[in-house]
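Pasting a structure here, questions to come.
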Amino acid sequence: MSTPKGREITISALKFDPRSAVSKPHFVDYKLEETPGMTLFIALTKIREEQDADLSFDFVCRAGICGSCGMVVNGKPTLACRTLIANYPEGKLTLMPMPAFELIKDLSVNTGKWMDDMSRRVESWIHTNEVHDISKLEEKVDPDIADQTFELDRCIECGICVASCGTKLMRPDFIGPVGLNRVARFEVDPHDNRTAEDYYELIGDDDGVFGCMSLMACEDHCPKHLPLQNKIAYLRRKLVSLR
Amino acid sequence: MKINYCDALVIGGGLAGLRAAVATQKKGLNTVVLSLVPVKRSHSAAAQGGMQASVGNSKMSDGDNEDLHFADTVKGSDWGCDQEVARMFVHTAPKAIRELAGWGVPWTRVREGSREAVINAKKTTITEDADRHGLITSRDFGGTKKWRTCYTADATGHTMLFGVANEALKLNVDIRDRKEALSLIHENGRCYGAVVRDLVTGELEAYVAKGTCIATGGYGRVFKQTTNAVICEGTGAAIALETGIATLGNMEAVQFHPTPIVPSGILLTEGCRGDGGILRDVDGHRFMPDYEPEKKELASRDVVSRRMIEHIRNGKGVPSPYGDHIWLDISILGREHIEKNLRDVQEICMIFNGIDPAVEGPKGWAPVLPMQHYSMGGIRTKPTGESQNLSGLFSCGEAACWDMHGFNRLGGNSVSETVVAGMIVGNYFADYCIENNVNIPTATVQKFVDAQDNYLNELLALNGSEDIFRIKNRMKQLMDDKVGIFRDGTRLIEAVEELKELLQKTKNISVKSKVRSGNPELEEAYRVPRMLKIALCVAKGARERTESRGAHYREDFLKRDDVNWLNRTLTTWANPNDLEPTITYEPLDIMTMEMPPAFRGYGAKGMIIEHELSEKRQNEVDEVTEKMEAEGKDRHEIQHALMPFDLPMNYKEKNERAGDK
């Protein structure tokens, strides 16, 4: 079977190198032929190989698992690797780097650094004084509780919720939906012995759970469909009683 | 010149590297982890189906233990593995999984009572005992005697990676991402760290350490069709190779996974078949029982992949614009099961192919085709994880040839190896760093930094006619076409020759942008020659190995040849200007094996050229076992008598199980 010729599409990408004295932010249009099942991963790789070897962007798994490739596509933050060109009937995609993160170059932003800081702020690890002998049977966990913890542990820290967040625009130090979800995750986990008071110390202010304006673009755009709205509301109810 | 000093340097921030870093940090060493990408984005995150450990909690895994896991691993390896290392591994795996549970990995748990499962395409009821309720459960995977693969739905690597990365954060491990090691600093046969390029600023720095551990994963991206992430280019193993001292082991041992989705190559986990999914051909016929009546879809990966291609060659493939493929049908597992335990699989099918695999009938079948998936080969190490030749260089995880996988890795044994090797090798690595000093002149460090600095300038100054992207894509196509699942002498000879030509051509490229930072083409310019060296190790190793063992399958030498080829391939790059590696072999000693070579129990029968010592050793093993059993010795004592092994920390302690009498 042969593949019929695909339509011509236009990818318009923002280019800017903050490290260069002469670079100014500008868009560059790339035209290419669409192939069946083409994603932005395939399109951008092709552009780099054939048209512009200088175009910077980030991909790792190209399967929607690692969270590396968040960018703003036609105004909406999304994972580029899961963006199918076929879903854009007008055949034009405008790409911009995600806001809220430090720009490295073109479409590449430093989400890693931001997520590291966030993880330290919410102390994103199990807090316990118990020492478990690993040659002995593991602690039993209710299967439903394990499932609930897993649900919230599915976050891939892609930063799309932060890039979508209205509160983040107004409060630069806002911990973001991702940070609040982390707290919600450890709050469910029976291995973590932290109390509501401990979590209050971490996120009980306007840069934390009380800052959220409930605009909920985070949940709209979350590629993992995490229940951010519910979980933020739950944490707020729980922690407001400690105020 | 900027020199960063630390006690322990770990290159690679996936599961293996991070777990090793936890080990060194816990022993009081100042540890630095370098990673190409933010560590939580490492390829470890893509491991879906699970981690093998013989915890034996659930009904279908009851009675499991280290001995069964060991036997499955050795058979899986087609007797190519180091049995001592396999023993070290299976004994530590239950401890690793329990440690991870304590670090917050939300392992799916046993639920008491009855549930429906699909086994051999039939609905079966499994009833779990009340006393196991809440313990870690496991699913079925290929090539295993018991259901041994522990999991968190189909996002196991992701939850494990976050658990270990969070633990590293808690311990204040110094993690630096967007850093790439370009060469190893070494003198008088000892490794002292690496020359490192910052991928944001382009700056070169030296990292000098008492010991260096490479945990950079596999080399799948030297192939075109691969499930591997784009960063799995084998450059970590390549910089070890480029020392001219460290050796790489069994580079021709490359695994092809049966069920990546077509055409993107994104993996659909073995858990699909482990949970009861089946393979169908163009007629909708379930063909695997015709070839493998016993294990069917759950023979080892090398066997299933070959059977699929064989069936396609028999004219039973499904035609598509991307060539022929096979169907994977998981709809028989039911929507509820898929949406809970195979959710990422469903999402991948829907987003990339517009297929909902929970829909019954042909509409829900996913197109799959075997593609490159795992690198059994890597930096050859001793059981401690230290290079056999370059002191102070350690390696663990997929980057290493430690060698517990031999010529074929079992599903679920890779993420398991990452954390287990992180624990074992990490501790031996820490001890090395405690016992040894840094005593290298600054001038030597400067020499290594200057060499890379000059190399980058030379690359930017090149003004040739070749295009680095074209060279890279040609290499990938060549590896797929001539060094793939089915290999033969003629095509392997051609592959080696053309790879050498391609390596020559990399000296005649030109890099369009001349800046030293934010220049993706420059990165390709220095990575592709290293990838080509790795590809040459794979192709030449495959050309020389005139037998079929595990995933290495020669159509001109169909038998496993224990008489001539019960050995490990070692490759070195003796001289920087060489165009191909130098190959030597390390023999495997049958007389020290706990399990001498035999038939695997799956794959074609009568395809072994047996070694005379196999039978001799088997008789010895049987005698010792019988005698000791009569004396009332337990399985641990018998095992020790047959093949003793050591472990660091308290990892040698017996693993408690719910089913212990």
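Each value in this text was obtained by applying a stated rule to the coordinates, not by laboratory testing. Predicted model, so just to flag it, every value in this text is computed and none were measured. As a convention, Cβ positions derive from the backbone with ideal geometry for all residues, glycine included, and neighbour counts pool all protein chains shown.
Would you pick out the residues in region A:1-17 that are surrounded by fewer than 13 Cβ atoms within 10 Å (Cβ to Cβ) and not hydrophobic (A, V, I, L, M, F, W, C)? I'd like the intermediate steps shown before the answer.
First, pick out the residues of region A:1-17 that are surrounded by fewer than 13 Cβ atoms within 10 Å (Cβ to Cβ): A:1-5, A:7-8.
Of everything in region A:1-17, those that are surrounded by fewer than 13 Cβ atoms within 10 Å (Cβ to Cβ) and not hydrophobic (A, V, I, L, M, F, W, C) turn out to be A:S2, A:T3, A:P4, A:K5, A:R7, A:E8.
Give me a count of the residues in region A:56-83 that are more than 7 Å from chain B (Cβ to nearest Cβ) and on the phi < 0 side of the Ramachandran plot.
Residues flagged as more than 7 Å from chain B (Cβ to nearest Cβ) and on the phi < 0 side of the Ramachandran plot within region A:56-83 amount to 14.
Would you be able to say whether some residue in region B:640-653 is away from chain A (no Cβ under 14 Å) and basic (K, R)?
No.
Can you tell me which residues in region B:206-256 are surrounded by fewer than 24 Cβ atoms within 10 Å (Cβ to Cβ) and closer than 22 Å to B:L279 by Cβ?
Passing the criteria: only B:Q225.
Something else: Limited to region B:555-595, what total is found for residues that are part of a strand (DSSP E or B), of a type outside the set (A, V, I, L, M) and closer than 13 Å to B:L248 by Cα? Write out each step before concluding.
Looking only at region B:555-595, we keep the residues that are part of a strand (DSSP E or B), and these are B:557, B:560-561, B:567-572, B:582-587.
Retained after the next criterion (residues that are of a type outside the set (A, V, I, L, M)): B:557, B:560-561, B:567-569, B:571-572, B:582, B:584-587.
Right, trim to closer than 13 Å to B:L248 by Cα and you get B:568-569, B:571-572, B:582, B:584-586.
Qualifying residue count, region B:555-595: 8.
Looking at region B:99-110, is at least one residue charged (D, E, K, R), in a helix (DSSP H, G or I), at the interface with chain A (Cβ under 10 Å from one of its Cβ atoms) and closer than 21 Å to B:Y651 by Cα?
The first filter runs over region B:99-110 and keeps only residues charged (D, E, K, R), leaving B:99, B:109.
In the following step, the residues that additionally are in a helix (DSSP H, G or I) were identified as B:99.
Still in the list and also at the interface with chain A (Cβ under 10 Å from one of its Cβ atoms): B:99.
When the remaining residues are screened for being closer than 21 Å to B:Y651 by Cα, the result is B:99.
Yes, some residue in region B:99-110 is charged (D, E, K, R), in a helix (DSSP H, G or I), at the interface with chain A (Cβ under 10 Å from one of its Cβ atoms) and closer than 21 Å to B:Y651 by Cα.
Ok, one more. For the list (1) part of a helix (DSSP H, G or I); (2) away from chain A (no Cβ under 11 Å); (3) of a type outside the set (S, T, N, Q); (4) more than 21 Å from the chain's Cα centre (by Cα), I need the number of the one condition that B:H69 fails.
Looking at each condition in turn, B:H69 falls short on (4).
I need the full set of residues from region A:84-119 which are surrounded by fewer than 22 Cβ atoms within 10 Å (Cβ to Cβ), within 11 Å of chain B (Cβ to nearest Cβ) and among the charged types (D, E, K, R), in order please.
A:E102, A:K113, A:D116, A:D117
Within region A:120-220, considering only helices (runs of 4 or more DSSP H) that don't extend past its boundaries, which have at least 3 residues that are within 13 Å of chain B (Cβ to nearest Cβ)?
Values: elements: A:143-153, A:160-164, A:166-170, A:176-188, A:196-203.
Where helices (runs of 4 or more DSSP H) fall fully within region A:120-220 and carry at least 3 residues being within 13 Å of chain B (Cβ to nearest Cβ), they are A:143-153, A:176-188.
Is there a residue in region B:235-255 that is more than 17 Å from the chain's Cα centre (by Cα) and within 14 Å of chain A (Cβ to nearest Cβ)? Break it down stepwise before answering.
If we filter region B:235-255 for residues that are more than 17 Å from the chain's Cα centre (by Cα), which is where we start, we get B:239-247.
Those still in the list that are within 14 Å of chain A (Cβ to nearest Cβ) too: none.
Within region B:235-255, not a single residue is more than 17 Å from the chain's Cα centre (by Cα) and within 14 Å of chain A (Cβ to nearest Cβ).
Check region B:528-547 and report whether any residue there is surrounded by 17 or more Cβ atoms within 10 Å (Cβ to Cβ), within 27 Å of the chain's Cα centre (by Cα) and either of a type in the set (D, E) or assigned to a loop (DSSP other than H, G, I, E, B) (or both).
If we filter region B:528-547 for residues that are surrounded by 17 or more Cβ atoms within 10 Å (Cβ to Cβ), which is where we start, we get B:528-543, B:545, B:547.
With within 27 Å of the chain's Cα centre (by Cα) added as a condition, the list becomes B:528-543, B:545, B:547.
Filter once more, keeping what is either of a type in the set (D, E) or assigned to a loop (DSSP other than H, G, I, E, B) (or both): B:545, B:547.
Yes; the residues of region B:528-547 include at least one that is surrounded by 17 or more Cβ atoms within 10 Å (Cβ to Cβ), within 27 Å of the chain's Cα centre (by Cα) and either of a type in the set (D, E) or assigned to a loop (DSSP other than H, G, I, E, B) (or both).
Looking only at residues in region B:131-159 that are part of a helix (DSSP H, G or I) and closer than 16 Å to B:R109 by Cβ, which one is nearest to the other protein chains (Cβ to nearest Cβ)? It would help to see each step written out before you state the result.
Residues of region B:131-159 part of a helix (DSSP H, G or I): B:131-132, B:156-159.
Still in the list and also closer than 16 Å to B:R109 by Cβ: B:131-132, B:156, B:159.
Details: B:D131: 10, B:R132: 9, B:T156: 10, B:T159: 5 Å.
Checking each candidate, the answer is B:T159.
Conditions (1) out of contact with any strand residue (DSSP E or B) (no Cβ under 6 Å at 6 or more places or on another chain); (2) of a type in the set (S, T, Y), marked per residue:
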{"residue": "B:E270", "(1), (2)": "yes, no"}
{"residue": "B:G276", "(1), (2)": "no, no"}
{"residue": "B:G284", "(1), (2)": "yes, no"}
{"residue": "B:F287", "(1), (2)": "yes, no"}
{"residue": "B:Y291", "(1), (2)": "yes, yes"}
{"residue": "B:D302", "(1), (2)": "yes, no"}
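Looking at region B:4-42, which of its residues are within 20 Å of A:W125 (Cα to Cα) and β-branched (V, I, T)?
B:V22, B:T24, B:T31, B:V32, B:V33, B:V39
If we scan region B:17-27, do we find a residue that is out of contact with any Cys (no Cβ under 6 Å at 6 or more places or on another chain), touching a residue at least 40 places away in the same chain (Cβ under 8 Å), within 11 Å of chain A (Cβ to nearest Cβ) and assigned to a loop (DSSP other than H, G, I, E, B)? Quick ask: steps written out before the conclusion?
Restricting attention to region B:17-27, the residues satisfying the condition of being out of contact with any Cys (no Cβ under 6 Å at 6 or more places or on another chain) are B:17-19, B:21-27.
Still in the list and also touching a residue at least 40 places away in the same chain (Cβ under 8 Å): B:17-19, B:21-27.
So of that shortlist, the ones also within 11 Å of chain A (Cβ to nearest Cβ) come out as none.
The answer is no, given that none of the residues of region B:17-27 is out of contact with any Cys (no Cβ under 6 Å at 6 or more places or on another chain), touching a residue at least 40 places away in the same chain (Cβ under 8 Å), within 11 Å of chain A (Cβ to nearest Cβ) and assigned to a loop (DSSP other than H, G, I, E, B).
Please verify whether B:T384 is at negative phi, surrounded by fewer than 24 Cβ atoms within 10 Å (Cβ to Cβ) and either small (G, A, S) or not in a strand (DSSP E or B) (or both), treating the condition exactly as stated. Can you show your working first?
On the way: at negative phi: yes; surrounded by fewer than 24 Cβ atoms within 10 Å (Cβ to Cβ): yes; either small (G, A, S) or not in a strand (DSSP E or B) (or both): yes.
Yes; evaluated as a whole, the condition is true for this residue.
Hey, another quick one. Conditions: (1) within 14 Å of chain A (Cβ to nearest Cβ); (2) in a helix (DSSP H, G or I); (3) not charged (D, E, K, R). B:G518 meets all but one. Number of the miss?
Among (1) within 14 Å of chain A (Cβ to nearest Cβ); (2) in a helix (DSSP H, G or I); (3) not charged (D, E, K, R), the lone unmet condition for B:G518 is (2).
B:T125 passes all but one of (1) in contact with a strand residue (DSSP E or B) (Cβ under 6 Å, 6 or more places away or on another chain); (2) over 20 Å from B:G426 (Cα atoms); (3) crowded, with 24+ Cβ neighbours inside 10 Å; (4) more than 9 Å from chain A (Cβ to nearest Cβ); which number fails?
Just one mismatch for B:T125, condition (3).
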